[in-house]
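Let me begin by presenting the structure, written as structure tokens, before commenting on it.
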Amino acid sequence: MTVTFFPAEPAAVTVLGASIHCPADPRQDRRRFRDYTAATAGLAEHHRFCTDPWCAGQAGYVVEYRSTDGEPRLNLASVHARTLLRALGLCTEIGADDLHPATMAGIAPSTPQDAEDALVGSLPAELMLGRVELALAAAPADAGVPATEHRDGAVIDFGRQAGWLQDRLAVLREVTLYARAHQRDVVWV
């Protein structure tokens, strides 16, 4: 599961058009349509424009282009999103009351319900910017975390590189500045 941080949708989103995509690489069907409905109708003729064996003219799907497509975003794995949310003070820490017997036996890591709930939320851009600036100023340099292996060599946690937290906070700062400039909240889902 991933979590994406982005500016909230504006009151009016303009549809710029649509196109058909499929597994063909490079893409063969390069037609542009005025909207989703026209592109959906164009799926019936996709086989005429795409001869890729993986697609066989049958695997196309419609992608709609919107005026918000170029806006900054930050997409993270849920494990890393929790780390970022903790640095921002938006995710509760795992405490003794959150441990389950299965975790104590070494079977699997546990995630408390509150940590799951923190993976969806929103804040006004000004409040988020304050939290980001505080985290950038207060957090020590991220030393990184090595990959962790459990049970028969299966990798459970791929870790993170040194400086990861500061890099992601800088990207989130850009998302937040954009949201503030456009008078929108910062949303994470």
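Brief remarks on what is shown
- Residue ID - modelled with the lowest pLDDT, chosen from residues in the range 1-41 that are outside any strand (DSSP E or B), open to solvent by less than 50 Å² (accessible area, probe 1.4 Å) and in contact with a Cys (Cβ under 9 Å, 6 or more places away or on another chain): 24
- Which numbered condition residue 172 fails, given (1) among the aliphatic types (A, V, I, L, M); (2) over 19 Å from residue 81 (Cβ atoms); (3) surrounded by 13 or more Cβ atoms within 10 Å (Cβ to Cβ): (2)
- In the range 175-189, of all residues being of a type outside the set (Val, Ile, Thr) and part of a strand (DSSP E or B), the one that is surrounded by the fewest Cβ atoms within 10 Å (Cβ to Cβ) corresponds to 185.
- Looking across the range 119-142, the residues that are in contact (Cβ under 8 Å) with a residue 12 or more places away in the chain, part of a loop (DSSP other than H, G, I, E, B) and under 21 Å from residue 167 (Cβ atoms) come down to 119, 139, 141, 142.
- Test: residue in the range 138-159 that is at pLDDT 85 or above, under 18 Å from the mean Cα position of the chain (by Cα) and open to solvent by 90 Å² or more (accessible area, probe 1.4 Å): no
- Sole exception among (1) open to solvent by 40 Å² or more (accessible area, probe 1.4 Å); (2) at pLDDT 90 or above for residue 109, by number: (2)
- Among residues of the range 52-78 being touching a residue at least 60 places away in the same chain (Cβ under 8 Å) and open to solvent by 80 Å² or more (accessible area, probe 1.4 Å), the one that is farthest from residue 34 (Cα to Cα) is 75.
- Residue match in the range 49-61 (condition: within 29 Å of the chain's Cα centre (by Cα), closer than 30 Å to residue 175 by Cβ and among the small types (Gly, Ala, Ser)): no
The values are calculated or read from the model by the stated rules, or taken from the named source; none is laboratory data. These figures come from a predicted structure and were not determined experimentally. Cβ: placed from backbone, ideal geometry, glycine included. Neighbour counts: every protein chain shown. Side chains are part of the model used for accessible areas, which takes the heavy atoms of the whole protein and leaves out ligands, DNA and RNA. Shrake-Rupley method; radii C 1.70, N 1.55, O 1.52, S 1.80 Å.
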